[in-house]
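Written below as structure tokens is the structure these notes are about.
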């Protein structure tokens, strides 16, 4: 399958449906695996990396899940193409920096992707829409079990799966959910939530993982530790915390609607106004305003039919996605900001003006127990 | 005070984080703090950063001459990268890695998924262990016919394990 064909469609996790879809954008589980006694990618010589890549790539391509797949060596991708994959969360920023000796294989719905020779020989991930970490884990677990028959993974009875970085040893699993939390941000409660989630040993990060800024009120919650707990226990712990964060977000939204209605209406109205009438907009500003529109859809201020086009804008307004369709080889940031504004104006012209009278909460308000 | 990352500039950003009741501290200079994305301390996991620093001190507990026979990795290399050379390094540097894992994770014994190939090994080695215990008992009780049978069973199980 060609690159242009795979990216012509948005990933299943963006267009699909899943539990708690209005707050949990996606659920993702990543497993790190290595081949026994082969040097890890960061330490291996080029010839060793190529040897590992070829054997792993062949095994991955033969998976029934990869029946219809896109498979490419990293050096064959342009910087722009790599960036498109990063923006879709199909490869990591670290993997995008790799060249000869690294590869990526993904299925057509973009729900499964395997990075070969990132920090570990294999980093395989499954991603689905909404809160469904259990299903996502089952999906990637099956792939892992299938690969076991053709690849010999580095494993010790005591330490579990052995990884390049000791922080991943054991299950080699990082489970994460991307949460959209405008209510907690607008009511200044987000730092409190992040602190308490951190205290119980889970990590909260920005949009693109480690060390990235939170934009568009999007936060990633994931497990920090990988050794000493079974996969199901880690996911169970994560699920319980995420369910609580969802509840807090719903309460925050209810409280805003009741006590700070004017502020909330004003924010939604302004976001709509700015997006409909700007001629130059940065990616950060666009994400932050789109987040408010998304909140507006959750609160029925905008018709639900516009959910998917707005969600799509979160990805389509990212720098590499903007440029992928343009004929220009390299765009300046001013040109991108202008193009981004044009794209947003075109899409938002389909969305009717906010109808504040229709505002209703998705769930019964539980504001009395604050 | 010096920056923990570049070890050259004066540290101006001091971070303390308590995760699972364990306190972690790091001192950074202006540049390194920006580079590591420490503008919002609440959204930042110190463990990631500390890996390359604290971890390198831990592994020094292994003698400095030790080199992984498979990949040639040494502890000096770990100090530089914070990553290991190959899966065998976990056995070579076990003295240094042990305490580090204890600080980093919930426990030190893997309790999650086991590859199918290891299921068999685990099953057979457990079976052999039980059989051997029974054999000792049988010999003590002078039940030699039972002992002979047990010996044959152990041989079979060992052969299965080796295959």
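The values are calculated or read from the model by the stated rules, or taken from the named source; none is laboratory data. Here the structure is a predicted model, which is why all the values come from computation and not from measurement. When we count neighbours, we look across all protein chains shown, and the Cβ atoms used for this are built from the backbone with ideal geometry, even at glycine.
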Practice problem: Collect the residues in segment A:172-206 that are within 11 Å of another protein chain (Cβ to nearest Cβ), part of a loop (DSSP other than H, G, I, E, B), within 22 Å of the chain's Cα centre (by Cα) and touching a residue at least 40 places away in the same chain (Cβ under 8 Å), keeping them in residue-number order. | Solution: A:172
Self-check item: Single unsatisfied condition, residue A:163 versus (1) in contact with a helix residue (DSSP H, G or I) (Cβ under 9 Å, 6 or more places away or on another chain); (2) buried (at least 21 other Cβ atoms within 10 Å of the Cβ); (3) part of a loop (DSSP other than H, G, I, E, B); (4) within 14 Å of another protein chain (Cβ to nearest Cβ)
Solution: (1)
Exercise. Tell me which residues, restricted to segment B:70-90, are assigned to a helix (DSSP H, G or I) and either touching a strand residue (DSSP E or B) at 6+ places or on another chain (Cβ under 6 Å) or at pLDDT 90 or above (or both).
Key: B:89, B:90
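Can you tell me which residue among A:284, A:294 is closer than 29 Å to residue A:84 by Cα and in contact with a strand residue (DSSP E or B) (Cβ under 7 Å, 6 or more places away or on another chain)?
On the way: A:284 fails: in contact with a strand residue (DSSP E or B) (Cβ under 7 Å, 6 or more places away or on another chain).
None of the other options fit; the residue is A:294.
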Exercise. Restrict the check to segment A:218-238 and report whether at least one residue is over 25 Å from residue A:358 (Cα atoms), in contact with a helix residue (DSSP H, G or I) (Cβ under 6 Å, 6 or more places away or on another chain), more than 10 Å from chain B (Cβ to nearest Cβ) and part of a helix (DSSP H, G or I).
Key: yes
Quiz item: Just one of A:136, A:143, A:169 is within 24 Å of the chain's Cα centre (by Cα), buried (at least 24 other Cβ atoms within 10 Å of the Cβ) and more than 8 Å from chain B (Cβ to nearest Cβ); which is it?
Solution: A:136
Exercise. Find the residue count for segment B:91-106, including only residues that are under 10 Å from the mean Cα position of the chain (by Cα), assigned to a helix (DSSP H, G or I) and more than 7 Å from chain A (Cβ to nearest Cβ).
Key: 7
Quiz item: For segment A:325-355, what are the residues that are in a helix (DSSP H, G or I) and crowded, with 16+ Cβ neighbours inside 10 Å?
Solution: A:336, A:337, A:338, A:339, A:340, A:341, A:343, A:344, A:347, A:348
Quiz item: Based on what the data block shows, is residue A:242 crowded, with 17+ Cβ neighbours inside 10 Å, away from chain B (no Cβ under 14 Å), within 29 Å of residue A:339 (Cα to Cα) and in contact (Cβ under 8 Å) with a residue 24 or more places away in the chain?
Solution: no
Quiz prompt | Number of the exception - residue A:208 against (1) surrounded by fewer than 23 Cβ atoms within 10 Å (Cβ to Cβ); (2) closer than 27 Å to residue B:87 by Cα; (3) modelled with pLDDT under 95 | solution = (2)
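Is it the case, given these coordinates, that residue A:150 is farther than 30 Å from residue A:318 by Cα, facing chain B (nearest Cβ under 7 Å) and either modelled with pLDDT of 95 or more or touching a helix residue (DSSP H, G or I) at 6+ places or on another chain (Cβ under 8 Å) (or both)?
No; evaluated as a whole, the condition is false for this residue.
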Practice problem: Return a yes/no flag: does segment A:245-259 have any residue that is more than 14 Å from chain B (Cβ to nearest Cβ) and not in a helix (DSSP H, G or I). | Solution: no
Practice problem: Among residues belonging to segment B:107-118 that are at the interface with another protein chain (Cβ under 7 Å from one of its Cβ atoms) and part of a loop (DSSP other than H, G, I, E, B), point out the one that is nearest to the chain's Cα centre (by Cα). | Solution: B:108
Exercise. Confirm whether residue A:220 is touching a strand residue (DSSP E or B) at 6+ places or on another chain (Cβ under 6 Å), under 26 Å from residue A:90 (Cβ atoms) and surrounded by fewer than 21 Cβ atoms within 10 Å (Cβ to Cβ).
Key: no
